[in-house]
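One structure is given here, and the rest of the page talks about it.
The values are calculated or read from the model by the stated rules, or taken from the named source; none is laboratory data. Note that the structure is predicted; figures quoted are calculated from it, not measured. A quick note on method: Cβ atoms are made from the backbone with ideal geometry, for glycine too, and the neighbour counts reach across all protein chains shown. Note: areas computed on protein heavy atoms with side chains; ligands, DNA, RNA excluded. Shrake-Rupley method; radii C 1.70, N 1.55, O 1.52, S 1.80 Å.
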Amino acid sequence: MLAIDKNRPSPAWIAALRGQFPTETEIDRVLTRRMQRRSGPGYSPLPLDVLVSGVESLICSEVRDAFKVSDARWLSGGASKLQMAFTLSWNRPGVGPERTPMVLRMEPSESIVETSRLREFQLIKAFQGVVPVPPVFWCDANGEHLPYPALIYGFASGVTKPSASVSGVSGLGTHLPPELRKRLAPQFVDHLVKIHTFDFRRADLSAFEIPSVGSTQCAEWGINWWERVWEEDHDEDIPLMRLCAGWLRRNMPTLDRPVVVHADYRLGNFLFTEDDSRISAWLDWELGRVGDRHQDIAWTTSRAFGHLDEDGKTFLTCGLLPENRFLEAYEEASGLAVNPKTVHWYKVYNDYMMVTLLLATGYRIAHGGKTHQDVLVTWLMGIGYMLLDEMRTLIEEA
Amino acid sequence: MQMHPALQIQSMMKALTDVVLPAVDPANKLAQEQTRLVLGTLALMAQHLPLRFQFNCDELTRLLKLAGILRQVARGGPQTTVCVDKMALAATSAVGTLERGQAGPAVIEQAVRDMRAVTSQVVRSIYIDGDEAALKQVEGAVLTVSRDQLLRDRSWMLMQGWEPDPQAIPKIQDLLEARAA
């Protein structure tokens with residue numbers, strides 16, 4: 001067998017993986033695009049001027065009146081996309097002349113998580129008025145105006161952690177004081193319920209496919225997605241990852257009800273206003289799909305996103321509330337049952353996905369110099385081993 | 001050689017802390033975050049540097065143990081048989097590498113990579129055409145060996161601060177010394 005050069009993938013190898021791991025059409029499109037471009041140049045620093053020009057070009061294609069982009073500046077936060085804040089002075093439809101603070105969210109050359117800007121755009125738009133989300137304005141799905149695919153949304157006020165607190169990158173390791181937890185936890189549950197009970201069939205979600213009820217198609221699409229990425233990106237192989245892929249396929253749950261899954265529903269991905277402790281915006285919808293609610297429920301309870309209570313014994317889901325209380329509140333508010341066995345399966349699935357992103361894609365893109373923050377991507381690889389061990393424990397317990 | 005990487009890392013960290021970081025534009029959040037991440041990465045490297053060879057030898061020993069078990073229990077169709085045979089060859093080579101007292105760090109690291117690859121392919125093949133009884137034994141062996149290795153991997157990354165209960169993780173020096181003893 002010929003050695004495969006993953007940094008210069010051949011068309012035949014790309015085609016073979018697409019055939020081996022069928023998934024949703026839009027997911028296939030973005031994964032194929034990144035592999036076709038992988039042998040190209042890495043990420044080079046982009047001056048703000050270039051992004052401003054791209055933003056102006058995109059807005060010009062959508063807005064007829066005169067406008068002005070000003071106050072452009074870099075934002076940090078998040079591990080996957082470039083973000084630039086700016087102010088748009090324009091005649092906003094239905095509002096009139098306005099100076100609107102906005103954010104450009106753009107992919108680097110390759111991202112730690114390769115996703116579709118169109119899907120992210122459609123999801124945020126669908127949830128306007130359902131749960132707090134930033135207003136979303138325009139999408140450059142194929143990078144026709146900007147160097148890479150991007151979207152523009154309104155700047156939402158709020159913080160991801162108390163201003164005085166200390167946390168790790170991407171909001172991980174954030175500790176919230178007990179009083180704040182009491183205020184945020186009910187909203188955290190309520191918003192998840194609203195997402196899972198949302199009538200997605202009435203929204204424009206044309207970039208999504210709906211898995212069939214009463215089958216394992218939903219689970220299979222998910223495993224195919226991440227096993228494909230593991231094959232495309234990993235450097236050092238890991239026997240436990242091979243075991244996990246096999247275990248997931250042998251134990252796939254059937255889908256009882258398709259819902260919108262946020263897929264990154266956790267502390268660090270919502271903003272809240274500090275004066276009244278109100279969640280003001282849910283961010284990072286890029287991994288969202290129409291799928292199984294148990295995926296979100298399992299995700300929020302990951303060890304990576306929580307911490308121990310002050311008693312040193314009780315683990316708090318997303319640093320907000322104990323897992324049993326979280327599940328009780330969810331079931332009561334949604335009327336949807338939580339199947340512990342399916343949650344367990346999705347915990348393993350989520351760990352498989354996370355380890356793939358951290359240890360396989362993280363390595364591959366940093367090696368290729370593909371992002372604006374390779375040092376962050378490399379740093380985050382360190383979480384992978386804790387999650388691998390969590391995965392191992394979960395499989396042993398099953 | 002007087003110019004030792006430990007000294008070089010220490011000097012780079014001091015320059016970044018004393019000179020570069022204070023000069024980074026406070027409004028440039030990306031630059032602020034990345035400067036601190038470079039400092040953190042250098043600190044992690046300083047801790048890993050003197051232990052990396054020992055860590056890799058330790059892992060290779062564990063992978064060879066796993067390969068020995070898989071060779072005994074992995075039974076199945078043609079794909080499993082081919083993968084087990086390849087693993088056996090790689091294991092023979094890796095045992096020789098480990099036993100050669102003068103094998104350099106790069107050789108040991110390559111042996112670790114090779115053993116990870118071949119044992120992974122045996123596990124993959126067992127789900128394709130392995131015997132049902134063999135599958136259970138393979139799963140048991142991988143989970144057991146992974147537990148020991150992942151404890152070391154987590155300890156290796158302890159400084160980064162991800163662990164919710166860091167006190168529960170032994171220090172990497174202690175884990176590696178326990179093996180040596």
What is the log10 of I(q)/I(0) for segment A:150-251, computed with the Debye formula using one identical point scatterer on each Cα and no solvent, at q = 0.11, 0.12, 0.14 Å⁻¹? -0.71, -0.84, -1.06
Scoring only Lys, Arg, Asp and Glu (+1, +1, -1, -1) among other residues with Cβ under 12 Å from the Cβ of A:T301 yields 0
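Counting pairs of Cα atoms in segment A:258-398, how many percent are more than 23 Å apart?
41
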Mind listing which trypsin sites (Lys or Arg not before Pro) in segment B:95-172 are in a DSSP loop and have 10 or fewer other Cβ atoms within 10 Å? B:K171
If unit charges are put on Cβ atoms (+1 for Lys and Arg, -1 for Asp and Glu) and the dipole of segment A:45-155 is taken about its Cα centre, the option from A:Q128, A:L46, A:L118 lying farthest towards the positive end turns out to be A:Q128
Need the C-alpha centroid separation for segment B:147-181 versus segment B:98-129, integer Å. 22
How long are the semi-axes of the equivalent ellipsoid of segment A:1-54, taking √(5λ) for every eigenvalue λ of the Cα gyration tensor, in whole Å from largest down? 29, 17, 6
Considering amide H positions built from the backbone, and no H for Pro or chain starts, which residues 5 or more places from A:F137, or on another chain, come under 5 Å of its amide H? A:I152, A:Y153, A:G154
Give the residue list of GluC sites (Glu not before Pro) in segment A:307-398 that are DSSP loop and have at most 11 other beta-carbon atoms within 10 angstrom. A:E310
Taking amide H positions as placed 1.01 Å from N in the peptide plane, with prolines and chain starts having none, which residues 5 or more places from A:L316, or on another chain, fall under 5 Å of its amide H? A:H307, A:L308, A:D309
Kirkwood radius from Cα pairs of segment A:223-341 plugged into Stokes-Einstein at 20 °C, 1.002 mPa s, gives D in µm²/s equal to 128
More than 45 Å apart - percent of Cα-Cα pairs taken over the protein assembly as shown: 17
Whole-number value, in Å³ per residue, for the convex hull of the alpha carbons of segment B:5-50 is 48
Volume in Å³ per residue [convex hull over Cα atoms, computed for segment A:1-123]: 144
Within the set A:P149, A:P162, A:P97, GNM on chain A using Cα springs under 10 Å gives the largest fluctuation to A:P97
Using only atoms on other chains, find how many Cβ atoms lie within 10 Å of each Cβ of peptide A:230-243 and report the average. 6
Report the net charge of residues surrounding A:E236, where surrounding means a beta-carbon distance below 13 angstrom and charges are Lys +1, Arg +1, Asp -1, Glu -1. -2
Reported to two decimal places, what Rg/Rh ratio describes segment B:52-180 when computed on Cα atoms with Rh from the Kirkwood expression? 1.02
May I ask you to list, by number, the DSSP H helices of chain B whose Cα span along the axis is at least 24 Å and whose average Kyte-Doolittle hydropathy reaches -1.0 or more? B:29-48, B:52-73, B:78-99, B:105-129, B:132-156
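State to the nearest 20 debye the size of the charge dipole of chain A about its Cα centre, where the only charges are +1 on K and R beta carbons and -1 on D and E beta carbons. Present the calculation step by step, with values, prior to reporting the outcome.
Details: 42 positive and 51 negative charges, 97 e Å.
Rounded to the nearest 20 debye, it is 460 debye.
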Asked for the total accessible area buried by B and A (1.4 Å probe, Å², nearest 100), one would answer 3700
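Net charge within 11 Å of A:E110 by Cβ-Cβ distance, Lys/Arg positive one each and Asp/Glu negative one each, not counting A:E110 itself?
Around A:E110, the surrounding residues sum to +1.
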Using only DSSP helix segments of four residues or longer, with each worth -39500 (n - 2.57), what per-residue ellipticity at 222 nm results for the protein assembly as shown after dividing by its residue count and rounding to 500? -16500 deg cm²/dmol
At q = 0.16, 0.25 Å⁻¹, base-10 log of I(q)/I(0) for segment A:329-381 (Debye sum, equal scatterers on each alpha carbon): -0.60, -0.88
Could you tell me the distance between the Cα centroids of segment A:335-355 and segment A:225-278, to the nearest Å? 9
With 20 Å as the limit, write out which pairs from A:K68/B:K29; A:K182/B:K29; A:K161/A:K182; B:K14/B:K171 have Cα-Cα distances beyond it, or answer none. A:K68/B:K29; A:K182/B:K29; B:K14/B:K171
Would you check the accessible area of A:R201, probe 1.4 Å, heavy atoms only, in square angstrom rounded to 10? 150
Enumerate the calculated ³J(HN,Hα) couplings along segment A:106-122 in order (Karplus 6.51 cos²θ - 1.76 cosθ + 1.60, θ = phi - 60°), each rounded to whole Hz, writing x wherever the residue is Gly or Pro. 10, 6, x, 4, 9, 10, 4, 9, 7, 9, 9, 5, 5, 5, 4, 4, 5
How fast does segment B:110-176 diffuse by Stokes-Einstein, in µm²/s, taking the Kirkwood radius from C-alpha pairs at 4 °C and 1.567 mPa s? 93
Leaving out ligands, DNA and RNA but keeping every protein chain, what accessible area does A:D71 have, in Å² rounded to the nearest 10, with a 1.4 Å probe? 80
Suppose R0 equals 22 Å; then what is the FRET efficiency for A:E274 and A:Q128 from their Cβ-Cβ distance, rounded to the nearest 0.05? 0.40
Using +1 at the C-beta of Lys and Arg and -1 at the C-beta of Asp and Glu, which of B:A178, A:A219, B:S120 has the Cα lying farthest in the positive direction of the dipole of the protein assembly as shown? B:S120
